[in-house]
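Here's the structure, in structure tokens; my notes come after.
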Amino acid sequence: MTGIVIGTRGSPWRATVTEAGAVVPADEPALEWWIAADDRWHVPGDERSRRQRRLRGAPVVETAIGVPSGDVAHRAYAVPVGARSAVVIELENHSRLPVAVAFSRGDLATGRPLASVPEGAPPGATVAVPLGHRSTVRVVVGAATPSTVPAADQVARGWVAQTETGTRVVVPDDALLERVVAARCDALLTVPSDDDPVALLLAVAERVRLGEPAASWVDDVAGGVVVVARCARRAPAWDDRAALDAAADVLRRAGEGRGADDVDAMRVRLGPTRPPPPVAPEGSRVVSWLTDRVVHRVDGGADLLTGFMGDWAGQGIEVYGAPVGAATVGFAVRWHGERPALLWESSAALHLTCSTLDPAWSTDAPRGEALLRPYRP
């Protein structure tokens, strides 16, 4: 099933939010919804006005439907309730008229009595939630009390904070950074199948970098490395090398230093790879794509900001804890007019360059700062 997966890290429970906003758990009936507005019943799956987005890139899915004089927003997410997860639907009426939102399941709690379904409701509608103009109501599936569950934006902020515990990149492109958050959240909630071993290795590495124990993934990583290395022999791509870097990082964190060294040797034997695409890819690859543009690994160190975009000029850039083999590097760029000032720190001896902004600059110092030449696009 296509859609966006929601869940919590502390529970194996997962559900998929479809393009129409229906919540489809793996082992429970789906939760469909409809809107009774002033003009007619609105069926989300049929509405041309339907828009969907993730709040801040998190697994908090907002589906908005146009009704007379505004929109009704439906935000689906999961919260922990004891040892399991519960679905929360946050409804917000942005229009100037009251509406009713009907659902296909009756095991809902809103903190107020549920209403009967208005006349002419679509088949499957079981209960309704009145929603006054400019008001917000949270609906919880199961026994949780709505007053005790966090709001959608609070949950989204919590997910963003979790995704920033690993490598953190700050560039002046909010849409790209939200895609990175989305990829990391998806990696925490689901792991790609071994049909795509590159995506598998990249997703596992993200899980481990975000706090999951590495030891349990050693066998999966070892198997994925063999497949990636075999497939990459003829025409290695940039993401093959990224996958091997990710695998070595996981093995190193699991205490498998010899295995990590073997993977590093495989990476070297690949030789030159096809360059990354100019446009950010989908899924877990977007994290490696962005990381490579700001910290491009080369023999003995890294070339910083090889993917610098002209519209980044004059704006702050920050990178924290980017892996470069067994070391990590972080840096920040501040501007003095046309001249970028680079401040860096690495955890081990690395040879650093910044060939895109200043081909003449390089350093072997573990930390420091330098004023680079003027940047003129």
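Distance between Cα centroids, region 268-329 to region 117-185: provide it in whole Å. If we compute the Cα centre of each part, the gap is 31 Å.
Give the angle, between 0 and 90 degrees and rounded to the nearest 10, that separates the Cα long axis of helix 218-231 from the longest principal axis of the Cα atoms of the chain. Helix 218-231 sits roughly 70 degrees off the main axis of the chain.
Taking a ≥ b ≥ c as the square roots of the Cα gyration tensor eigenvalues, with a/c under 1.5 meaning rounded and otherwise prolate when a/b beats b/c, else oblate, which class fits region 8-93? Prolate shape, in that a/c is at least 1.5 and a/b is the bigger ratio. When +1 charges are put on Lys and Arg Cβ atoms and -1 charges on Asp and Glu Cβ atoms, the dipole computed for region 1-149 relative to its Cα centre reaches about 540 debye. Summing +1 for each Lys or Arg and -1 for each Asp or Glu among the other residues whose beta-carbon sits under 9 angstrom from that of Val137 gives 0. By the gyration tensor of its Cα atoms, with a ≥ b ≥ c the square roots of the eigenvalues, what is the shape of region 73-137: rounded for a/c under 1.5, prolate for a/b over b/c, or oblate? Oblate, because a/c is 1.5 or more while a/b does not exceed b/c. Restricting region 23-71 to trypsin sites (Lys or Arg not before Pro) that sit in a DSSP loop and have at most 14 other Cβ atoms within 10 Å of their own Cβ leaves Arg40, Arg48.
Let me make sure I get this right: for region 175-278, a, b and c are the square roots of the gyration tensor eigenvalues over alpha carbons, sorted descending. Under 1.5 in a/c it's rounded, otherwise prolate if a/b > b/c, else oblate. Which is it? Because a/c hits 1.5 or more and a/b fails to exceed b/c, region 175-278 counts as oblate.
Taking other residues whose beta carbon is less than 13 angstrom from the beta carbon of Ala260, and scoring Lys, Arg as +1 and Asp, Glu as -1, yields -2. Potential lengthening of the chain between Glu19 and Thr126 amounts to 36.4 nm, from the contour at 0.36 nm per residue minus the alpha-carbon distance. Under the simplified labelling scheme, the His94-Met1 pair shows an inter-label distance of 2.6 nm, with each label point 7 Å from Cα along Cα→Cβ. Put simply, the convex hull of the Cα atoms in the chain casts, on average, a shadow of 21.4 nm².
With contacts taken as Cα pairs under 8 Å and at least 6 residues apart, region 292-341 reaches a relative contact order of 26 percent.
Which residues in region 304-319 place their backbone N less than 14 Å from a point set 7 Å from the Cα of Ala360 along the Cα-to-Cβ direction? Zone members listed by number: none at all.
For the chain, the 222 nm mean residue ellipticity estimated from helices alone, with every DSSP H stretch of n ≥ 4 adding -39500 (n - 2.57) and the total spread over all residues, rounds to -8000 deg cm²/dmol.
How high is the relative contact order of the chain? Use alpha-carbon pairs under 8 Å, at least six apart in sequence, and give a whole percent.
Contact order relative to length: 10 percent.
If you take all other residues with their beta carbon under 12 Å from the beta carbon of Gly325, and give Lys and Arg +1 and Asp and Glu -1, the sum is -2. Of all beta bridges that DSSP places with both ends in the chain, some 95 percent have antiparallel geometry.
Within region 285-377, the GluC sites (Glu not before Pro) that combine a DSSP coil assignment with at most 16 other C-beta atoms in a 10 angstrom radius are Glu338. The gain in end-to-end length when the Glu345 to Ala222 segment is fully stretched comes to 41.1 nm, 0.36 nm per residue minus the alpha carbon separation.
We did not get these values from a lab; they are worked out from the coordinates using the rules stated. This is a predicted model, so every value here is computed, not measured. All Cβ positions, even for glycine, are placed from backbone atoms using ideal geometry, and neighbour counts span all protein chains on display.
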